[in-house]
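The values are calculated or read from the model by the stated rules, or taken from the named source; none is laboratory data. Values in this document were obtained by computation on a predicted structure and should not be read as measured data. Methodologically, a virtual Cβ is constructed for each residue, glycine included, from the backbone with ideal geometry; neighbour enumeration extends over all protein chains shown.
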Amino acid sequence: MANRAVCYCKDCQAFAHFLERPDDAVLNELGGTEIVATLPRHVHFTQGLEALVCMSLSDHGLLRWYTRCCNTPIGNTPRDFKTSYVGLVHSCLVKRAPSLQDSFGPVRMVLQTDSAKALLEHGADVNAIAKDGGTALLLAASSGDSETVRNLLSKGADVSAKFTETGKTALMLAKEKGYKDIADSLEAGGAKQ
């Protein structure tokens, strides 16, 4: 069992820069990192364990795991091992598996969206398309983030954009999940069923 999320926090962005990988390997177009949150007992390494290393950005921050050979981000775990959680970074999962959508379902949370808002304020493309065909509006609508939906609409987000794999629009997702306020905002922004 796992849930998908996109995190826009400064620490996820700093971790991506620490790894010195191309931004699109870790961060999406708006500076977010897609995470698959699960329990550690569901994570198994079949090879490469000797290359696994850990760092932290602060004395109290998450433990951030990556491979020392190629700086591939693996995931994040809390310092307190009593908290059973691992957040796997999307780029370590996509090589051999079916799509993240097929494997884990839709993005269910968008976290720390202030960083994404700041990027929009500085001219980021509001309609940038991620590898799965998703846009910021699709992610915000599917996770119930009404404030971000309104912000994106005010910046000219395309209400007709669809996830590549499912063909669903933000309005379809909002109605499907019962997010009436988001559906109303989208319809006010010109979205059609």
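State which residue pairs qualify: first residue of a type in the set (Gly, Ala, Ser) and inside segment 37-54, second residue in a strand (DSSP E or B) and surrounded by 11 or more Cβ atoms within 10 Å (Cβ to Cβ) in any location, beta carbons under 7 Å apart, and separation of 6 or more residues or different chains.
That search, which allows pairs on different chains as well, returns Ala37/Ala2; Ala37/Asn3; Ala37/Ala5; Ala37/Gly87; Gly48/Thr67; Ala51/Thr67.
Looking at (1) closer than 20 Å to Ser91 by Cα; (2) part of a helix (DSSP H, G or I); (3) modelled with pLDDT of 75 or more, find the lone condition where Ala116 falls short.
(3)
Output the qualifying pairs, or none if there are none: Cβ atoms under 8 angstrom, residues six or more apart or on different chains, first residue in segment 61-75 and over 14 Å from Gln13 (Cα atoms), second residue basic (Lys, Arg).
Leu63/Arg79; Asn71/Arg21; Thr72/Arg21
Counting only residues that are outside any loop (DSSP other than H, G, I, E, B) and in contact with a Leu (Cβ under 6 Å, 6 or more places away or on another chain), which one in segment 36-64 is surrounded by the most Cβ atoms within 10 Å (Cβ to Cβ)?
Restricting to residues being outside any loop (DSSP other than H, G, I, E, B) and in contact with a Leu (Cβ under 6 Å, 6 or more places away or on another chain), the top hit is Val36.
Given the criterion part of a loop (DSSP other than H, G, I, E, B), without any contact (Cβ under 8 Å) to a residue 40 or more places away in the chain and under 27 Å from Ser103 (Cβ atoms), identify the matching residue among Gly156, Gly190, Gly167.
Gly167
Are there any pairs, at least 6 apart or on different chains, whose C-beta atoms fall under 9 Å, with the first in segment 16-34 and under 20 Å from Val86 (Cα atoms) and the second of a type in the set (Ser, Thr, Tyr) and modelled with pLDDT of 85 or more, and if so, which?
Within 9 Å, the pairs are Ala16/Thr33; Phe18/Tyr66; Leu19/Tyr66; Leu19/Thr72; Ala25/Thr72; Val26/Thr33; Leu27/Thr33.
From (1) surrounded by fewer than 19 Cβ atoms within 10 Å (Cβ to Cβ); (2) touching a helix residue (DSSP H, G or I) at 6+ places or on another chain (Cβ under 7 Å), pick out the condition that doesn't hold for Ala183.
(1)
Can you name the residue in segment 87-113 that is of a type in the set (A, V, I, L, M) and either modelled with pLDDT under 75 or under 22 Å from Gly144 (Cβ atoms) (or both) and, of all such residues, is surrounded by the fewest Cβ atoms within 10 Å (Cβ to Cβ)?
Ranking the qualifying residues of segment 87-113, first place goes to Ala97.
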